[in-house]
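The values are calculated or read from the model by the stated rules, or taken from the named source; none is laboratory data. Because the structure is predicted, anything quoted here is derived from the model rather than measured. Note: ideal-geometry Cβ built from the backbone for every residue, glycine included; neighbour counts use all protein chains shown.
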Amino acid sequence: MKKVFKTIGLTITCLFMSSCQFVDYIESKSASINNYERVALNLSKENRILQTKMSSLQFEIQSVKSRNQYLELKLQEKSNKVKREIASIVPSLPKNNFVKNDIYHWSSDQMLATAEKEFNSKNFEKSAQFYHAISINYNTPNILTDRYHFEAGIAAYESKSHDDWTIYHLNSLVSKYPYSKFYRGAKLWMALANLRQGNHKAFYSTVDEFRKKYKNTREWDILKGHYETIVQKYK
């Protein structure tokens, strides 16, 4: 009987010790899990903070980009405004002009008829002056058509004396009549006037534009045989 009690006691002791070890193991595991949870919570918190900072930085970057775009647009608008203001100033007639409107008081029809007559007779100086006088005296859309600006620009170019008139008239055409049948011709003659004035950059820019946009045009047929030379000389 004593042996039985002793055996039972030993068994209970072993069970108790095993139970204590198990409890210790559970507690250790629990502590480890709790530690993992704390670490995970801390990491999650840090991640949320970083996400917030990233969102804030992305917002700041986007704000800077938006501001830069706004400033670029304002600069472009200012540049275009200056160009429009310059283009809207009609160059005056020379002192030794043929028109003498203060004496003869030409009507717009008389001026236009004289300009066309002198152009056909290759009297380009007189033709250019009469064409140009129309802009000075009759600033109305029904007179200042795309055809008028084109012929006025060509007459001025052929006179070899008024490249500023050429650029003024052809730039007016390009700005006001982007769908005109004279549009490409106006750009080409304006480029030639720029070249004669020494503005090589503007000339090359137009030639390169024709190469990229207008390869199947008569104007490009004129330019393409000279393109390589133009690139080497003016780029």
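Scan region 114-124 and give yes if some residue there is touching a His at 6+ places or on another chain (Cβ under 9 Å), of a type in the set (S, T, N, Q) and in the same structural domain as TRP189 (by TED's automatic domain parsing), otherwise no. No, region 114-124 has no match at all. Within region 144-192, the residues that satisfy the criterion of being among the β-branched types (Val, Ile, Thr) and either in contact with an Asp or Glu (Cβ under 7 Å, 6 or more places away or on another chain) or part of a helix (DSSP H, G or I) (or both) are ILE154, THR166, ILE167, VAL174. For beta carbons closer than 8 Å, sequence separation of 6+ or different chains, a first residue in region 214-228 that is in contact (Cβ under 8 Å) with a residue 12 or more places away in the chain and polar (S, T, N, Q) and a second that is surrounded by 11 or more Cβ atoms within 10 Å (Cβ to Cβ) and part of a helix (DSSP H, G or I), the qualifying pairs are THR217/ARG184; THR217/PHE210. For region 75-115, the tally of residues that are modelled with pLDDT of 60 or more, among the small types (Gly, Ala, Ser) and surrounded by 13 or more Cβ atoms within 10 Å (Cβ to Cβ) stands at 3.
Report whether or not HIS169 is in contact with a His (Cβ under 9 Å, 6 or more places away or on another chain) and touching a residue at least 12 places away in the same chain (Cβ under 8 Å). Yes: the conditions hold for HIS169.
You will find that of LEU223, LEU192, the residue that is within 15 Å of GLY153 (Cβ to Cβ) and among the aliphatic types (A, V, I, L, M) is LEU192 and no other. Being in contact with a His (Cβ under 9 Å, 6 or more places away or on another chain) and surrounded by 14 or more Cβ atoms within 10 Å (Cβ to Cβ) is the filter; apply it to region 194-235 and report the residue that is modelled with the highest pLDDT. Of everything passing the filter in region 194-235, ASN194 is modelled with the highest pLDDT.
All told, GLY225 falls short of being small (Gly, Ala, Ser) and within 30 Å of PHE98 (Cα to Cα).
Within region 117-137, if we keep just the residues that are farther than 15 Å from TYR157 by Cα and either touching a residue at least 12 places away in the same chain (Cβ under 8 Å) or acidic (Asp, Glu) (or both), the residue that is surrounded by the most Cβ atoms within 10 Å (Cβ to Cβ) turns out to be ALA133.
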